[in-house]
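Comments concern the structure below.
The values are calculated or read from the model by the stated rules, or taken from the named source; none is laboratory data. As the structure is a computational prediction, the values presented were derived from the model and not from experiment. Methodologically, a virtual Cβ is constructed for each residue, glycine included, from the backbone with ideal geometry; neighbour enumeration extends over all protein chains shown. Quick note on the areas: whole protein, heavy atoms, side chains included, nothing else; ligands and nucleic acids left out. Shrake-Rupley method; radii C 1.70, N 1.55, O 1.52, S 1.80 Å.
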Amino acid sequence: MKSGIKWFCFLCILFTFNSLFAQTWRGKQVVTAEKYIYVGHFYNGLARFKSSDKKWGFIDTLGRVVVKPKYDEVENFSDGLAKVRKTQKGWGLVNTKGEEILKPMFDWIGDFVGDEALVRASGKEGFIDRNGNLIKRK
């Protein structure tokens, strides 16, 4: 009986350890480096990660860095865009190519509804398009 409990505990620990360093993408195992504190799930082919210096970036399914870890906070990709934040500057947007299409400057960026997202900066609101252009002001 005690032997069965030991094996169960061993398997639980092994599974937990393995899940910290590997993920599955379309049936293939993707190994992530131990230098990351955290690696999230893949969205639009990219996963957010937190580096050892506590900055956020994104890796692709092969573990290659697509967006360098330079952000204080990031959100998962959705429809090819991800919100990224630098503490002193605010929120911006990056695309799946790793390009910063909107420099961090907003206090808040809402979700895109169609091709527009509500943004806020210094108490003012407006809308941006998927290219990061300001298109309307409230």
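Filter segment 49-79 for residues that are among the charged types (D, E, K, R) and assigned to a loop (DSSP other than H, G, I, E, B) and give the result.
Selection gives 53, 54, 55, 64, 72, 75, 79.
Among the residues of segment 80-107, what is the count of those that are in a strand (DSSP E or B) and in contact with a Phe, Trp or Tyr (Cβ under 9 Å, 6 or more places away or on another chain)?
Here is the first cut: in segment 80-107, the ones in a strand (DSSP E or B) are 81-86, 90-95, 100-106.
Right, trim to in contact with a Phe, Trp or Tyr (Cβ under 9 Å, 6 or more places away or on another chain) and you get 81-86, 90-92, 94-95, 102, 104-106.
Residues meeting the conditions: 15.
Taken over segment 70-85, the criterion of being charged (D, E, K, R) and closer than 15 Å to residue 50 by Cβ is satisfied by 70, 72, 73, 75, 85.
Please tell me if residue 23 is in contact with a His (Cβ under 8 Å, 6 or more places away or on another chain) and at pLDDT below 90.
Numbers: in contact with a His (Cβ under 8 Å, 6 or more places away or on another chain): yes; at pLDDT below 90: yes.
Taking the combined requirement at face value, the residue satisfies it.
Identify the single condition in (1) modelled with pLDDT under 95; (2) buried (at least 18 other Cβ atoms within 10 Å of the Cβ); (3) not aromatic (Phe, Trp, Tyr) that residue 87 does not satisfy, given that it satisfies every other one. It is condition (2) that residue 87 fails.
Being in contact with a Leu (Cβ under 9 Å, 6 or more places away or on another chain) and either open to solvent by less than 50 Å² (accessible area, probe 1.4 Å) or over 17 Å from residue 49 (Cβ atoms) (or both) is a property that residue 59 has.
Of the residues making up segment 86-138, those that are among the aromatic types (Phe, Trp, Tyr) and under 21 Å from the mean Cα position of the chain (by Cα) are 91, 106, 108, 112.
Does segment 30-48 hold any residues that are of a type in the set (Val, Ile, Thr) and either in a loop (DSSP other than H, G, I, E, B) or out of contact with any Lys or Arg (no Cβ under 7 Å at 6 or more places or on another chain) (or both), and which are they?
Narrowing segment 30-48 to residues of a type in the set (Val, Ile, Thr): 30-32, 37, 39.
Selection gives 30, 31, 32, 39.
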